[in-house]
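The structure appears below as structure tokens.
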Amino acid sequence: MSTAVPENPFEEPFEIEITDTIDLHSFRPEEVRSVVESYLEEVREKGFETVRIIHGKGIGVQREIVRKVLAEKDFVKSFKNGDEFSGGGSGATVVKLSY
């Protein structure tokens, strides 16, 4: 029995707009590391000083992956939980970048 690989639904590659916030809810845990690394490189290239990474509260798996990546980057000045009222609280991490 063979398993068919689903075809790519997109005719051509497309670009996703890079903003100061990324929501990781639509990514699988095994994708989070590479998505966050790519996102950080893009926002740094675009000159963002502060960004917000939404990982959700849950049991903290994605938060720990995100914070491990942040701790490894020499251009990350600091990171902390988002503001409780408008920044997502412990379900988001606010990151300050240095240049």
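Quick note: the coordinates plus some simple rules give every number you see, no bench work behind them. Not measured: the values here are computed from a predicted model.
Calculated on the alpha-carbon coordinates, the convex hull of the chain measures out at 136 cubic angstrom per residue. Coupling constants for the stretch 26-40 follow from the phi torsions by the Karplus curve (6.51 cos²θ - 1.76 cosθ + 1.60, θ = phi - 60°), and in residue order they are 8, 9, 6, x, 6, 9, 4, 4, 5, 5, 5, 4, 5, 4, 4 Hz; glycine and proline get x.
Over the chain, dividing the summed -39,500 (n - 2.57) contributions of all DSSP H runs of at least 4 residues by the number of residues returns a 222 nm mean residue ellipticity of -10000 deg cm²/dmol. For the stretch 84-90, backbone phi angles converted through the Karplus equation (6.51, -1.76, 1.60; θ = phi - 60°) give residue-by-residue couplings of 4, 8, 10, x, x, x, 6 Hz, Gly and Pro being listed as x.
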